[in-house]
Amino acid sequence: MESMFCYQCEQTAKGTGCTISGVCGKKPEIAHLQDLLTCEMINLAKAMQIKGVECAPAVDLLVEGLFTTITNVSFDKNRITILTDEIKNKRTKLGGTECITTDLLFHGDEDIISLKSTLLFGLRGMAAYAHHAHVLGQRDDVVDSWFIKGMASLTEEHTIDEWLALLMEFGSINLKCMALLENANITSYGNPTPVQITMKIEKGPFIVITGHDLNDLKMLLEQTVDRGVNIYTHSEMLPAHGYPELKKYPHLKGNFGTAWYLQQKDFNNLPAPILYTTNCLMPPMNSYIDKVYTTSAVAFPGTMHIDADENGYKDFSTLINHAIELKGYTEDMQLEGINGGTSVTTGFAKQTILDNASTIVDAVKAGAIKHFFLVGGCDGMKNERSYYTEFVKQTPKDTVILTLACGKYRFNDLDIGTIGPFPRILDMGQCNDAYGAIQVAIALAEVFECGVNDLPLTLVLSWYEQKAVCILLTLLSLGIKNIYIGPTVPAFFSNNVVNTIVDNFNLHPITTPEQDLATILDA
Ligand code: SF4
């Protein structure tokens with residue numbers, strides 16, 4: 001008998017669903033509470049739809065709840081219960097009724113549940129992006145409305161074709177949400193520019209900050225000015241180094257460690273505290289749980305949680321004092337990437353690429369650049385993900401690798417040479433910077449007077465959690481075809497859904513680097 005059911009991420013048990021306990025560390029009690037939270041969000045969205053209420057505070061509750069249920073975000077039953085109660089109270093005040101129960105969330109007709117799950121998981125991913133934009137003071141009414149529409153739709157009966165149309169509509173809304181976040185980041189911190197980042201950790205007190213929230217990093221940098229505490233990014237925080245308004249702080253020193261899934265090894269006995277701003281939080285080991293600080297939707301029992309005050313300000317003084325007490329390393333420590341590299345680059349975001357568009361176009365026309373690969377997405381612990389390292393290593397020297405999100409830690413410390421003024425690996429940023437990559441592709445297609453699908457560009461994606469779901473739906477909604485995806489097909493895609501996507505979009509599950517490269521370059 002199942003004690004829980006969750007199949008929202010790539011590492012789900014047996015490739016079908018976690019039913020005893022989560023591979024991510026999520027226990028049945030938390031899984032059940034997250035299902036309850038999800039049902040209460042659906043109930044609230046339906047009540048808002050019926051009453052015609054679209055107020056920002058209620059949308060914020062949906063955004064927070066969806067963000068909370070992303071893989072590796074919240075393991076804290078008290079915080080989940082408090083949020084669920086708040087959402088339920090809001091629905092009750094609106095006169096809304098209970099229109100879905102947890103047993104109906106993931107059970108029913110296989111194809112319909114698959115399509116509904118895809119929408120729900122996509123909404124969870126988009127919520128994280130909306131949350132980051134909201135804390136920077138930017139919101140979009142169309143995106144806000146769609147949280148209500150999308151969640152309310154999960155109570156509705158639709159045909160398969162109608163669900164597919166809804167998924168494509170959602171993909172276009174997520175594009176708006178990623179554009180909103182890009183604009184929020186650039187308005188707040190400037191346009192990223194290329195930078196080389198060391199993986200050397202200087203002796204003395206330091207703090208590691210992980211996740212995606214640049215606003216948290218900015219506040220931490222401000223509060224550590226002249227405190228003798230250095231700041232190191234980890235995982236998806238790496239692209240922060242490219243933003244002028246963040247890299248201007250001299251104590252933003254470098255990048256710590258490698259991919260998120262290695263955190264239990266990388267943080268073992270760390271002489272410094274770690275601030276988690278978003279996913280991916282793995283259950284902390286005893287050797288460092290007392291140094292774990294969480295904020296925003298991230299939470300784990302036994303760790304210190306730092307909430308924002310009514311003005312959005314977070315007081316990091318306890319964390320900073322903890323770093324001073326711990327004193328950091330006594331000698332400089334040279335860390336390495338998974339391939340032995342000691343530095344990485346980032347900051348090749350949309351504007352940098354567009355500013356160099358004429359150089360790139362000339363290089364393509366002259367035959368110096370034969371093909372672009374966007375090798376991006378999430379990282380994860382499965383050995384099959386070495387595909388992405390090998391793929392990049394085997395790409396011909398006259399090709400360029402664009403990358404984004406944390407999957408790049410499989411290869412971003414490799415030195416695979418340069419093309420003209422650029423390294424062959426160009427890190428465009430975090431997962432949400434897929435928006436910038438899409439804009440670059442559209443701009444190049446205009447220059448070459450062709451469609452995006454006709455460009456010498458192939459997307460080779462790795463997925464793990466729900467932000468990858470919303471990005472995939474955005475790419476499909478734009479009609480982008482021939483995407484390679486791995487390491488496995490999502491468990492929540494039924495066979496019919498997979499076949500439909502493969503038929504309509506020529507989606508390719510990855511095979512081997514040799515075979516896929518040959519297929520792509522021979523096309
Ligand atoms: Fe399993 Fe992933 Fe769900 Fe965790 S989030 S319980 S690993 S499917």
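The values are calculated or read from the model by the stated rules, or taken from the named source; none is laboratory data. Computed from a predicted model, the values in this text were never measured in an experiment. Cβ: placed from backbone, ideal geometry, glycine included. Neighbour counts: every protein chain shown. Quick note on the areas: whole protein, heavy atoms, side chains included, nothing else; ligands and nucleic acids left out. Shrake-Rupley method; radii C 1.70, N 1.55, O 1.52, S 1.80 Å.
Do we have GLU64 as outside any helix (DSSP H, G or I) and open to solvent by 40 Å² or more (accessible area, probe 1.4 Å) here?
Numbers: outside any helix (DSSP H, G or I): no; open to solvent by 40 Å² or more (accessible area, probe 1.4 Å): yes.
No, not satisfied.
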- Message: Can you confirm whether LYS14 is open to solvent by 40 Å² or more (accessible area, probe 1.4 Å), among the charged types (D, E, K, R) and within 27 Å of PRO490 (Cα to Cα)?
- Response: yes
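List the strands (runs of 3 or more DSSP E) that sit entirely inside the stretch 161-240 and contain at least 2 residues that are of a type in the set (Ser, Thr, Tyr).
Counting at least 2 such residues, we get 230-234.
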- Right, THR38: away from the ligand (no atom under 16 Å from the Cβ), assigned to a helix (DSSP H, G or I) and of a type in the set (Ser, Thr, Tyr) or not? no
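Kindly indicate whether THR233 is buried (at least 18 other Cβ atoms within 10 Å of the Cβ) and free of Cβ contacts under 8 Å to residues at least 60 places away in the same chain. Quick ask: steps written out before the conclusion?
Numbers: buried (at least 18 other Cβ atoms within 10 Å of the Cβ): yes; free of Cβ contacts under 8 Å to residues at least 60 places away in the same chain: yes.
Against the criterion (buried (at least 18 other Cβ atoms within 10 Å of the Cβ) and free of Cβ contacts under 8 Å to residues at least 60 places away in the same chain), THR233 qualifies.
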- Restricting attention to the stretch 297-349, and to residues there that are surrounded by fewer than 16 Cβ atoms within 10 Å (Cβ to Cβ) and among the polar types (S, T, N, Q), which single residue is nearest to GLU64 (Cα to Cα)? ASN311
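Could you pull out the residue among LEU246, LEU270, LEU275, LEU262 that is part of a helix (DSSP H, G or I) and in contact with a Phe, Trp or Tyr (Cβ under 8 Å, 6 or more places away or on another chain)?
On the way: LEU270 fails: part of a helix (DSSP H, G or I); LEU275 fails: part of a helix (DSSP H, G or I); LEU262 fails: in contact with a Phe, Trp or Tyr (Cβ under 8 Å, 6 or more places away or on another chain).
Testing whether each residue is part of a helix (DSSP H, G or I) and in contact with a Phe, Trp or Tyr (Cβ under 8 Å, 6 or more places away or on another chain) leaves just LEU246.
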- Message: Condition check: in a helix (DSSP H, G or I), closer than 21 Å to VAL298 by Cα and either open to solvent by 20 Å² or more (accessible area, probe 1.4 Å) or modelled with pLDDT under 95 (or both). Does ILE87 satisfy that?
- Response: no
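Has the stretch 58-66 got at least one residue that is farther than 18 Å from MET126 by Cα and either free of Cβ contacts under 8 Å to residues at least 60 places away in the same chain or within 16 Å of the ligand (Cβ to nearest atom) (or both)?
The first filter runs over the stretch 58-66 and keeps only residues farther than 18 Å from MET126 by Cα, leaving none.
No, the stretch 58-66 has no match at all.
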- State which residue pairs qualify: first residue farther than 24 Å from LYS397 by Cα and inside the stretch 416-440, second residue open to solvent by less than 30 Å² (accessible area, probe 1.4 Å) and charged (D, E, K, R) in any location, beta carbons under 6 Å apart, and separation of 6 or more residues or different chains. GLN430/GLU236; CYS431/LYS467; TYR435/GLU182
- Looking at this structure, is ALA445 free of Cβ contacts under 8 Å to residues at least 40 places away in the same chain, within 15 Å of LEU475 (Cβ to Cβ) and either among the aromatic types (Phe, Trp, Tyr) or in contact with a helix residue (DSSP H, G or I) (Cβ under 6 Å, 6 or more places away or on another chain) (or both)? yes
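Residues to consider are VAL53, VAL73, VAL23; find the one that is open to solvent by 30 Å² or more (accessible area, probe 1.4 Å) and within 10 Å of the ligand (Cβ to nearest atom). Spell out how you get there, then give the answer.
On the way: VAL53 fails: within 10 Å of the ligand (Cβ to nearest atom); VAL73 fails: open to solvent by 30 Å² or more (accessible area, probe 1.4 Å).
On inspection, the qualifying residue turns out to be VAL23.
Can you tell me which residue is nearest to the ligand (Cβ to nearest atom) among those in the stretch 1-11 that are of a type outside the set (Ser, Thr, Tyr) and surrounded by fewer than 16 Cβ atoms within 10 Å (Cβ to Cβ)?
Keep residues of the stretch 1-11 that are of a type outside the set (Ser, Thr, Tyr), which gives 1-2, 4-6, 8-11.
Still in the running and surrounded by fewer than 16 Cβ atoms within 10 Å (Cβ to Cβ): 1-2.
Values: MET1: 17, GLU2: 12 Å.
Going through the qualifying residues, I end up with GLU2.
Given the condition charged (D, E, K, R), within 30 Å of TYR249 (Cα to Cα) and in contact (Cβ under 8 Å) with a residue 60 or more places away in the chain, answer yes or no: does some residue in the stretch 173-184 qualify? Please lay out each step first, then the result.
Step one: of the stretch 173-184, the residues charged (D, E, K, R) are 176, 182.
Remaining after also requiring within 30 Å of TYR249 (Cα to Cα): 182.
Right, trim to in contact (Cβ under 8 Å) with a residue 60 or more places away in the chain and you get 182.
The answer is yes, given that some residue of the stretch 173-184 is charged (D, E, K, R), within 30 Å of TYR249 (Cα to Cα) and in contact (Cβ under 8 Å) with a residue 60 or more places away in the chain.
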- Task: Pairs only if they're at least six apart or on different chains, beta carbon under 7 angstrom, first in the stretch 15-30 and part of a loop (DSSP other than H, G, I, E, B), second surrounded by fewer than 16 Cβ atoms within 10 Å (Cβ to Cβ) and acidic (Asp, Glu); list them, first residue then second.
- Result: THR19/GLU2
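Given the options LEU517, LEU475, LEU507, name the one that is more than 26 Å from GLY122 (Cβ to Cβ) and open to solvent by less than 50 Å² (accessible area, probe 1.4 Å).
Numbers: LEU475 fails: more than 26 Å from GLY122 (Cβ to Cβ); LEU507 fails: more than 26 Å from GLY122 (Cβ to Cβ).
The conditions single out LEU517.
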